[in-house]
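One structure is given below, encoded as structure tokens.
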Amino acid sequence: MLFAILWLTAWLEYTSTFIILVSASTYYFNSNSAEEGSAEVALGFDFAYNNHPGSLAFGSFIIALIRFIRIVFVYIAKEL
């Protein structure tokens with residue numbers, strides 16, 4: 001149960017970060033010296049949920065696994 005919570009929170013954290021990064025990069029690359037570009041947040045959602053959900057899930061799995069191992073070692077250290 002703890003690992004599932006860690007995985008879900010990591011997935012939410014890094015999916016939102018991915019969406020923000022796509023929005024910021026579309027703003028940067030749509031801008032030029034004459035006018036400001038637009039930050040395409042919907043494109044970030046599209047990329048996150050349609051094109052890259054497996055990559056985000058696998059990355060958040062790795063992060064959750066490392067956090068779980070860290071929690072286990074901290075628990076063992078406190079018990080000794």
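At a glance:
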item: The lone exception for residue 13 - which of (1) without any contact (Cβ under 8 Å) to a residue 12 or more places away in the chain; (2) part of a helix (DSSP H, G or I); (3) acidic (Asp, Glu) it fails; result: (1)
item: Selected residue [in contact with a Ser or Thr (Cβ under 9 Å, 6 or more places away or on another chain) and part of a loop (DSSP other than H, G, I, E, B)] from 60, 38; result: 38
item: In region 36-64, residue nearest to the chain's Cα centre (by Cα) [restricted to those that are under 15 Å from residue 2 (Cα atoms) and touching a residue at least 24 places away in the same chain (Cβ under 8 Å)]; result: 60
item: Residue among 27, 49, 75 that is surrounded by fewer than 11 Cβ atoms within 10 Å (Cβ to Cβ) and in a helix (DSSP H, G or I); result: 75
item: Condition met for residue 33 (over 30 Å from residue 68 (Cβ atoms), free of Cβ contacts under 8 Å to residues at least 40 places away in the same chain, surrounded by 13 or more Cβ atoms within 10 Å (Cβ to Cβ) and among the small types (Gly, Ala, Ser)); result: no
item: Among (1) surrounded by 11 or more Cβ atoms within 10 Å (Cβ to Cβ); (2) over 12 Å from the mean Cα position of the chain (by Cα); (3) at pLDDT 95 or above - the single one residue 18 does not satisfy; result: (2)
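The values are calculated or read from the model by the stated rules, or taken from the named source; none is laboratory data. These numbers were taken from a predicted model, which means no experiment stands behind them. A quick note on method: Cβ atoms are made from the backbone with ideal geometry, for glycine too, and the neighbour counts reach across all protein chains shown.
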